[in-house]
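The values are calculated or read from the model by the stated rules, or taken from the named source; none is laboratory data. Quick caveat: nothing in here was measured; it's all calculated off a predicted structure. A quick note on method: Cβ atoms are made from the backbone with ideal geometry, for glycine too, and the neighbour counts reach across all protein chains shown. These accessible areas exclude ligands, DNA and RNA; they are computed on the full protein's heavy atoms, side chains included. Shrake-Rupley method; radii C 1.70, N 1.55, O 1.52, S 1.80 Å.
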Amino acid sequence: MGEEFDYAESFQQLDYAALKADLTALMTDSKSWWPADYGHYGPFMIRMAWHAAGTYRVTDGRGGSSSGQQRFEPLNSWPDNGNLDKARRLLWPLKQKYGKNISWADLFILAGNVAIESMGGPIFGFAGGRKDVFASEGDTFWGAEELWVNEGAQTRISEDMPELEGPLAAIQMGLIYVNPEGPGGDPNPLLSARDMKATFLRMAMNSEETVALTAGGHAFGKSHGAKPAPHFKAPSSESVHMQGLGWMTDSEEIGLGHITTSGIEGAWSNNPTKWTGDYLRLLFKYDYELTESPAGAKQWQPVNPAPEDMAPDARDPNKRVPTMMTTADMALKMDPEFREIALRFREDQSALDDAFARAWFKLTHRDMGPRVRYLGPEVPEETLIWQDPVPEGTAPSDADAAAFKDAVLSSGLTIGELVKTAWASASSYRRSDHRGGANGARIALAPQKDWPVNEPGAAEQGPGQAQRTARRHVAGRCDRAGRIGCGREGRARCRPRRFGAVPRRSRRCDAGVDRCRELRVDGAAGRWLPQLPEDASSGEDRGAVARQGVAARPVRAGDDRAGRWPARARRELRRRARGRPHRA
């Protein structure tokens, strides 16, 4: 829509209540070309929203829902996203109606929220502000694409490979999280639990959030594996006139519910369009035996289920069929850590309600960046620790600014020390999920102050000495000291036009010590590692993070400049780090 288009301004003009009403009506408006299971599209929309957001990974901040990437290849043709092109097509009339006031990226997540609400489920809130891209983002490595998961792609954790590869989060190519049949198709619940913990950790979720999301998501809908599917084609493999509607089957078969997506067949709950505790109740009530779906996928079925615990048929509500569980579901019952959490949620529905609502909000919003980017009437008032809260900064007086400048110039610090401190403070920013940067002054606190690249002694000297000579926040001091250094360098080289005047004063503020655990370095291996807060109430994971290797250095905006950072790029970096939306 052109560089002049301001999506934030356009979103503010959206008739939000009308859109939610239209989405609610859509949930039960079943279409003949793709009938709604149980007469309700809610579970379908939840899956679409989950898979749009679930590609996010903490290692490099890439993936997630913030740009609507699910519409494009390769995600559009991942086996795990099978038939989601139909969900997006159901939304198309609403996208046409509301146009530029709602992005596809926001519409995906809002549709998932409305779906949960329409079936009585809990919602923590919704924030808009996800700006669409209009082509596949080619800067994200999803893994080798020689084979998909349904073609025998190698699992990424095994005896030969005890850790997930690089920044990747999914267990096999073409999956969002784990293989529901078990690692590489092996129906071993304990190994599936291992995979779940590894993949959800890479996606910023701890074990409690993993159980809450699984139990909450599988409270709704069903899996599809009613027919063998050797010839189903992904959208990109179809002929041109079918590109937008892949994974097609015969219309009569669709009407009968003979659909295959994951290959697993059946509902998890006897009430698949209502928010209840039936998923966990059934999981622990029955013994389960390993069976195969009509499509040949491995799944688990309850032994001698009671008639009232059977699910309605997706097309005929008068017919009852057995429920099922996947190997990943059985992991919640078999793994000791998962089992303890799941039993607690089974006994305390209100705890599950709260945990699921918060985990769903985190799943769908973590890649958006700071709360200042959130838009809309349903933005929660509560600030969560994973949002990296930083207190509101205040500008210093003219006298304080002048005193600080004099103190820096007379401190004995070299130009290199001043500029390096400012640069290191700001350059941790990453555009992928708008984390890092100068605001919060995390360079003055662990773990950043101990990163070898920050030369711990020297990096601490710059802000440390300045702190003793001025009543200002470290966050602003790091940046301002660097600019003062540039100004001194400019005068020395007789370039006052570019460096002679120091820009306006900063309003950055400091983060507390407990807010500064985003990344850390494994000194022995020389790898950047995700570091999650230790506060148990944060909903972040403390365990096993030390073995999760990621990129060899932090992602920096402008890395494609091969180290050349002109003044304009530095200004843009500092502006982004203050939490402002980036310019197009």
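Listing for the model above:
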item	result
Residue match in the stretch 77-96 (condition: assigned to a loop (DSSP other than H, G, I, E, B) and modelled with pLDDT of 95 or more)	no
Residue that is nearest to P317 (Cα to Cα), among those in the stretch 30-54 that are open to solvent by less than 20 Å² (accessible area, probe 1.4 Å) and in a loop (DSSP other than H, G, I, E, B)	A36
Of all residues making up the stretch 337-374, the number that are modelled with pLDDT of 95 or more, under 22 Å from R508 (Cα atoms) and not in a helix (DSSP H, G or I)	1
Members of the stretch 88-130 that are among the β-branched types (V, I, T) and surrounded by fewer than 19 Cβ atoms within 10 Å (Cβ to Cβ)	I123
Flag for T364 being buried (at least 23 other Cβ atoms within 10 Å of the Cβ), of a type in the set (S, T, Y) and in contact with a strand residue (DSSP E or B) (Cβ under 8 Å, 6 or more places away or on another chain)	no
Residue count for the stretch 293-304, restricted to those that are in contact with a strand residue (DSSP E or B) (Cβ under 8 Å, 6 or more places away or on another chain) and either more than 15 Å from N179 (Cβ to Cβ) or of a type in the set (S, T, N, Q) (or both)	6
When residues of the stretch 55-87 are limited to those that are within 15 Å of M173 (Cα to Cα) and of a type in the set (G, A, S), the one surrounded by the fewest Cβ atoms within 10 Å (Cβ to Cβ)	S77
Test for K222: is it open to solvent by 20 Å² or more (accessible area, probe 1.4 Å), touching a strand residue (DSSP E or B) at 6+ places or on another chain (Cβ under 7 Å), closer than 30 Å to G121 by Cα and at pLDDT 95 or above	yes
Qualifying residue in the stretch 360-382 (condition: at negative phi and in contact with a Leu (Cβ under 6 Å, 6 or more places away or on another chain))	no
F44 vs. criteria touching an Asp or Glu at 6+ places or on another chain (Cβ under 9 Å), more than 26 Å from E381 (Cα to Cα) and modelled with pLDDT of 95 or more	yes
Test: residue in the stretch 190-212 that is closer than 30 Å to S251 by Cβ and not in a helix (DSSP H, G or I)	no
Single unsatisfied condition, T273 versus (1) open to solvent by less than 40 Å² (accessible area, probe 1.4 Å); (2) closer than 23 Å to A193 by Cβ	(2)
Some residue of the stretch 242-265 being open to solvent by 10 Å² or more (accessible area, probe 1.4 Å), at pLDDT 95 or above and not in a helix (DSSP H, G or I)	yes
Residue selected from the stretch 317-328 under the condition assigned to a loop (DSSP other than H, G, I, E, B), modelled with pLDDT of 95 or more and out of contact with any helix residue (DSSP H, G or I) (no Cβ under 8 Å at 6 or more places or on another chain), by the criterion surrounded by the fewest Cβ atoms within 10 Å (Cβ to Cβ)	K319
